[in-house]
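A.B. asks: Supplied in structure tokens, the structure appears directly below.
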Amino acid sequence: MTVTGDDLRCATLPVSVVKLPKEVKTIADELLLSELQQAGFEAIGTDDINAMVGFEEMKDAAGCEDTRCIAEIGNALGVQYLATGKLTKLEDTTLVLLKLLDVNETRVVARSQKSIDGSLSELPRVMAEAVQQLVVQSKL
């Protein structure tokens with residue numbers, strides 16, 4: 001399923017990674033960006049944001065949890081949506097938690113939760129499923 005509106009611009013904030021190798025963060029960021037583009041968004045990623053707002057602002061944005069703060073970032077980037085997520089290890093399971101925020105309405109429009117049992121080689125497939133779940137829930 002793909003998004004259907006015109007000019008649906010989305011920025012991805014860095015995915016936070018807990019209890020997983022640091023290399024997973026870069027992979028997760030790129031997978032999220034790629035899957036959003038596959039779903040039909042005009043998506044910009046962490047490198048694009050760094051180029052636009054600079055490293056210090058990006059570091060501050062990565063820790064931003066408040067929807068008002070996130071909306072300000074989205075407005076500054078000229079996007080309607082922001083996507084972010086978290087990957088965390090719980091015993092032998094890796095949880096993939098994503099959320100899609102509407103910058104204009106300053107609210108979360110969709111959340112997705114998927115899990116990987118065992119190997120992280122399933123991360124690309126699970127990330128694709130999680131993004132599709134965001135699209136379906138958001139009704140875009």
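A.B. asks: May I ask for the percentage of alpha-carbon pairs in the range 79-140 that lie more than 18 Å from each other?
C.D. replies: 36 percent
A.B. asks: With a probe of 1.4 Å, find how much accessible area the range 88-140 has per residue, and write the answer as a whole number in Å².
C.D. replies: 52 Å²
A.B. asks: Okay, next question. Can you tally the net charge around residue 130? Count Lys and Arg as +1, Asp and Glu as -1, for every other residue whose Cβ sits under 13 Å from the Cβ of residue 130.
C.D. replies: +2
A.B. asks: Putting +1 on Lys and Arg Cβ atoms and -1 on Asp and Glu Cβ atoms, find which of 120, 109, 98 reaches farthest to the positive end of the dipole of the range 67-140.
C.D. replies: 109
The values are calculated or read from the model by the stated rules, or taken from the named source; none is laboratory data. Keep in mind that what you see is a predicted model, and the values were worked out from it rather than measured. Don't worry about glycine lacking a Cβ; one is built from the backbone with ideal geometry, like all the others, and counts go over all protein chains shown. The accessibility values were calculated without ligands, DNA or RNA, using every heavy atom of the protein model including side chains. Shrake-Rupley method; radii C 1.70, N 1.55, O 1.52, S 1.80 Å.
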